[in-house]
Amino acid sequence: MKKRLLDAFKDVENHNEQLLIQLKEQHRKVVLYGAGYCGQETEKILRAHDIPVAAVCDDLRNGETMNGHKICTLSDLTVDEDSAILVTSGYQAKMKQNLADHGLMDVYFPSDFGRYEPEKENFSYFQQHERELEEAYGLLSDDLSRKIFRQLIAYRISREPGLMEPFEECHQYFPTEGELDLRKYNDCFLDLGAYDGDSIRGFIAYAGTYRKIIAVEASEKNYQMLLEKTKGLAGVECHCVGIWRERGQLHFTVSEAKNSFASEEGSTVLDVDSVDDIMNGRPVSFIKMDIEGAEYDALLGAKETIARNRPAMAISVYHTVDDLYRLQLKIEQLSSRGGQYRYYLRHYSPTIIETVLYVVPV
């Protein structure tokens, strides 16, 4: 009998749920170390469970505020035996070393509340989507991808700290290994979620030469940095717009971190457009997509571009649980006929963030 993908995960318990119970029952004084997006997500989850945050630390944002908490440095932090420090950042190794250097490991509690969807991060939810998971798993092209896929399911169900540490890769978006060497797709680079141009700089260093770069960034603040940092680069075209399935406007939440993401509760209204509208029939050879959970809708709005050009793609698949399986299934559907692509997964952090699906033309 064929072994089913989910058989190994039936009895897995969720570490986050257990930690929340522990923090509440022990009346711990919770300290968040990291005031970026993950810190904000964690504070919101703790608040929903009536667990107060005693302090927020971030050595790079000293004196600023996060959700009403004044941010301090680790050196200024005062703790006692009832404290609990949660590292709320993807930079786990560096921050744990900082805690060790300050003699604070006794009150460090391993955790990862980043991109946490508790209603979906359980065996029952994955069982409901077993067919799609099996189909997506079958599309993966190498053993490492399949191993990462299984481990990501285990991590989503368990949130057990340390599970993803063995899979930390380098060269995010721009791999150099074998079939994953994408440097030949250097004619036109479409950067969706361009931030300040960091991935443009990475692409130029990676590819060496190019004809055109089209950069899209939704945040006005980030867009201004993008313009400044790409000034003087030949062939670079920048757009300040969100990426979606069609042209229109959406409510966005603009966080105190660098992230902006579509949300019905968001107070900021931004213009959005589709890849097909922006490209308008122009050729593209390589698409990088890291757009805070809008990846699926972006693919819906890139149907013509994908079918016409069959570009290589590097797509973030960690923003929602569903993206682990639904993005490659949608690409297969959009590429006019199946079998035009090979699919690879690589992971770039010790936490749930920074998983990239590489889509390589056959």
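The values are calculated or read from the model by the stated rules, or taken from the named source; none is laboratory data. Everything numeric here is computed off the predicted structure, so don't read it as measured data. Cβ coordinates were reconstructed from backbone atoms using ideal geometry, including for glycine residues, and neighbour counts include every protein chain displayed. Side chains included, ligands, DNA and RNA excluded: accessible areas come from the protein's heavy atoms. Shrake-Rupley method; radii C 1.70, N 1.55, O 1.52, S 1.80 Å.
A few notes on this one:
- Residue by residue, region 342-347 carries 3J(HN,Hα) couplings of 9, 10, 10, 10, 9, 10 Hz when phi is fed to the Karplus relation 6.51 cos²θ - 1.76 cosθ + 1.60 (θ = phi - 60°); x denotes Gly or Pro.
- With respect to the chain, whose longest principal axis is taken over its alpha-carbon atoms, helix 143-158 is tilted by about 40°.
- Calculated FRET value between Arg308 and Leu329, using beta carbons and R₀ = 25 Å, to 0.05: 0.75
- Sulfur and carbon atoms: percent of accessible area, region 95-185 [1.4 Å]: 46 percent
- Residues with amide H under 5 Å from that of Asp59, placed H, sequence gap 5 or more: Leu74
- Ordering of 112-123, 308-319, 19-30 by burial proxy (mean other Cβ atoms within 10 Å per residue, highest first): 308-319, 112-123, 19-30
- The alpha-carbon of Lys24 sits under 22 angstrom from the alpha-carbons of these lysines, leaving out residues fewer than 8 places away in its chain: Lys44.
- The amide H of Tyr108, built 1.01 Å from its N in the peptide plane, has Ile85 as neighbours under 5 Å, considering only residues 5 or more places off or on other chains.
- Most positive-pole-ward Cα, Val275, Tyr155, Gln128, against dipole of the chain from beta carbon charges: Val275
- Charging the Cβ of each Asp and Glu at -1 and of each Lys and Arg at +1, and nothing else, the dipole of region 1-107 about its Cα centre rounds to 560 debye.
- Förster-model FRET efficiency, 30 Å R0, Lys3 and Tyr91, C-beta, rounded to 0.05: 0.25
- Against the chain, whose longest principal axis comes from its Cα atoms, helix 323-334 is set at around 10 degrees.
- 5 angstrom amide H check on Val30, placed H, neighbours 5+ away: Ala54, Ala84
- Seen against the Cα atoms of the chain and their longest principal axis, helix 37-48 is set at about 50 degrees.
- Check: the chain dipole with +1 on Lys, Arg Cβ and -1 on Asp, Glu Cβ, in debye: 1200 debye
- Taking all Cα pairs closer than 8 Å and separated by 6 or more residues, the relative contact order of the chain comes to 17 percent.
- Normalised per residue, the accessible area of the chain is 46 Å², obtained with a 1.4 Å probe and no contribution from ligands, DNA or RNA.
- The distance between label points at Ala48 and Asp11 comes to 2.9 nm (points 7 Å beyond Cα on the Cα→Cβ vector).
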